[in-house]
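> There's a structure below that I have some questions on.
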Amino acid sequence: MPVQLTTALRVVGTSLFALAVLGGILAAYVTGYQFIHTEKHYLSFGLYGAILGLHLLIQSLFAFLEHRRMRRAGRPIKLSCQRQRSVALCIAAYQEDPDYLRKCLRSAQRIAFPDLKVVMVVDGNRQEDAYMLDIFHEVLGGTEQAGFFVWRSNFHEAGEGETEASLQEGMERVRAVVRASTFSCIMQKWGGKREVMYTAFKALGDSVDYIQVCDSDTVLDPACTMEMLRVLEEDPQVGGVGGDVQPPGKGLAVEDDQVQDAQVRATEAWSVHQCHISREQ
């Protein structure tokens, strides 16, 4: 059956179903028919409740079938060329809670994507920021694949005692560490999150096909990179993809235990676990 016809039938069927449910609910509300009820109606079950319950059951069934269809459609990525796409995950860190940072780095380590490059840039190079480099060594360090550099400056502001020659040397060192290491950590002069991301992007340059970004309190699902890359590869008109961002304790984007305080306000929750991937220009 043609795809357009199938889509049209699904739209018509869904619309008729919605109208039928709406009509049934209105009729049940008007008639007020009840199947069972107790004295003073402390407990009652009528036609209205039955229609609502049936609607919930059918909706749940449709959701299950759609979810199963989507999972079956999740076949391996067919790349537009013969070579494997390269992806770098850039993590922005600033005075992060140690437990959150460990969970973030461990989840990055578990991502199911071949040769994923992980770049953590710490917004701050003072002694009180050094614990984040220690955690990097604890989780991702200890191998020849890991590299780090504590930079007195950033790409837009020279640090104390920095000369033009040493500034250029530092820039080259940052690029060399990021490009040569599977896991890298750069500590730099404070400049804000935008400066942190600039350093990661500038150091990577055109060495990767895609860049994925997240904050240092994000816990990533092992399949996140593959699933977001699938969307980008299937549609050349798509320039960026966001993950299924969820507040603590819900869905697959976070672990079972909370990674944020229970007091996180709902208005802030959208930014707590940001993660998206985009094409490298």
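> Against the definition (within 19 Å of residue 89 (Cα to Cα) and touching a Gly at 6+ places or on another chain (Cβ under 8 Å)), how does residue 153 come out, yes or no?
Details: within 19 Å of residue 89 (Cα to Cα): no; touching a Gly at 6+ places or on another chain (Cβ under 8 Å): yes.
Judged against the criteria, residue 153 is not a match.
> Separate question: Yes or no: residue 176 under 26 Å from residue 114 (Cα atoms), touching a residue at least 24 places away in the same chain (Cβ under 8 Å) and of a type in the set (A, V, I, L, M)? Spell out how you get there, then give the answer.
Numbers: under 26 Å from residue 114 (Cα atoms): yes; touching a residue at least 24 places away in the same chain (Cβ under 8 Å): no; of a type in the set (A, V, I, L, M): yes.
Against the criterion (under 26 Å from residue 114 (Cα atoms), touching a residue at least 24 places away in the same chain (Cβ under 8 Å) and of a type in the set (A, V, I, L, M)), residue 176 does not qualify.
> Looking only at the range 212-246, filter to residues that are outside any strand (DSSP E or B) and of a type in the set (Gly, Ala, Ser); which one of those is farthest from residue 112 (Cα to Cα)? Step through it out loud before you land on a result.
Step one: filter the range 212-246 for residues outside any strand (DSSP E or B), giving 216-239, 243-246.
Checking the rest, the ones that are also of a type in the set (Gly, Ala, Ser) come to 216, 223, 239, 243.
Details: 216: 19, 223: 6, 239: 22, 243: 15 Å.
Per the criteria, the residue is 239.
> Which of (1) crowded, with 20+ Cβ neighbours inside 10 Å; (2) assigned to a loop (DSSP other than H, G, I, E, B) does residue 160 not meet, given it meets every other one?
Unmet condition: (1).
> Shifting gears a bit: Against the conditions (1) modelled with pLDDT under 85; (2) touching a Ser or Thr at 6+ places or on another chain (Cβ under 8 Å), where does residue 233 fall short? Just the number, please.
(1) is the only condition that residue 233 fails.
> Do you know which of the residues in the range 46-69 that are open to solvent by 80 Å² or more (accessible area, probe 1.4 Å) and closer than 19 Å to residue 22 by Cα is modelled with the lowest pLDDT? Full working, then the answer.
As a first pass, look at the range 46-69 and keep what is open to solvent by 80 Å² or more (accessible area, probe 1.4 Å): 48, 54, 56-57, 59, 61-62, 64, 67-69.
Remaining after also requiring closer than 19 Å to residue 22 by Cα: 48, 54, 56-57, 59, 61-62.
Working: 48: 73, 54: 82, 56: 83, 57: 86, 59: 83, 61: 87, 62: 81.
This residue is 48.
> Moving on. Just name the residue that is nearest to residue 123 (Cα to Cα) out of those in the range 197-217 that are over 20 Å from the mean Cα position of the chain (by Cα) and surrounded by 22 or more Cβ atoms within 10 Å (Cβ to Cβ). Full working, then the answer.
From the range 197-217, those over 20 Å from the mean Cα position of the chain (by Cα) are 199, 202-207; that's our starting set.
From what is left, the residues that are surrounded by 22 or more Cβ atoms within 10 Å (Cβ to Cβ) are 199, 203.
Numbers: 199: 10, 203: 15 Å.
Filtering the range 197-217 for residues that are over 20 Å from the mean Cα position of the chain (by Cα) and surrounded by 22 or more Cβ atoms within 10 Å (Cβ to Cβ), the one nearest to residue 123 (Cα to Cα) comes out as 199.
> Let me ask you something else. Would you check which residues across the range 163-195 are charged (D, E, K, R), farther than 21 Å from residue 102 by Cα, out of contact with any helix residue (DSSP H, G or I) (no Cβ under 8 Å at 6 or more places or on another chain) and not in a loop (DSSP other than H, G, I, E, B) and list them? Working first, answer last.
Of all residues in the range 163-195, those charged (D, E, K, R) come to 164, 169, 172-173, 175, 179, 189, 193-195.
Of the ones still in play, those that are also farther than 21 Å from residue 102 by Cα are 164, 169, 172-173, 175, 179, 189, 194-195.
Of the ones still in play, those that are also out of contact with any helix residue (DSSP H, G or I) (no Cβ under 8 Å at 6 or more places or on another chain) are 164, 169, 172-173, 189, 194-195.
Passing the criteria: 164, 169, 172, 173, 194, 195.
> Moving on to the next point. Which pairs turn up if I take residues in the range 208-237 that are at negative phi and look for partners that are of a type in the set (Ser, Thr, Tyr) and open to solvent by 20 Å² or more (accessible area, probe 1.4 Å) with beta carbon separation below 7 Å, at least 6 apart in sequence or on another chain?
208/86; 209/86; 210/278; 211/278; 216/100; 217/100; 233/80
> Another one. Out of the range 6-35, which residues are open to solvent by 100 Å² or more (accessible area, probe 1.4 Å) and either modelled with pLDDT under 75 or at positive phi (or both)?
29, 33, 35, listed by residue number.
> May I pose another question? Being more than 19 Å from residue 243 (Cβ to Cβ), open to solvent by less than 10 Å² (accessible area, probe 1.4 Å) and in a strand (DSSP E or B): is that true of residue 122 here? So that I can check it myself, show each step before the final result.
Details: more than 19 Å from residue 243 (Cβ to Cβ): yes; open to solvent by less than 10 Å² (accessible area, probe 1.4 Å): yes; in a strand (DSSP E or B): yes.
Yes: the conditions hold for residue 122.
> To continue, here is another question. Within the set of pairs 6+ apart or on separate chains, which have a first residue in the range 134-150 that is within 15 Å of residue 124 (Cα to Cα), a second that is open to solvent by 70 Å² or more (accessible area, probe 1.4 Å), and C-beta atoms under 7 Å apart?
Matching pairs, first to second residue: 136/148; 149/173.
> While we're on this one: Please specify each residue of the range 139-161 satisfying the condition of being modelled with pLDDT of 95 or more and of a type in the set (Asp, Glu).
157
> For the range 163-196, which residues satisfy the criterion of being open to solvent by 20 Å² or more (accessible area, probe 1.4 Å) and either under 20 Å from residue 94 (Cα atoms) or small (Gly, Ala, Ser) (or both)?
165, 166, 176, 180, 183, 189, 190, 191, 193, 194, 195
The values are calculated or read from the model by the stated rules, or taken from the named source; none is laboratory data. Being a predicted model, the structure only gives us computed values, none of them experimental. A quick note on method: Cβ atoms are made from the backbone with ideal geometry, for glycine too, and the neighbour counts reach across all protein chains shown. The area values use the complete protein model at the heavy-atom level, side chains included, leaving out ligands, DNA and RNA. Shrake-Rupley method; radii C 1.70, N 1.55, O 1.52, S 1.80 Å.
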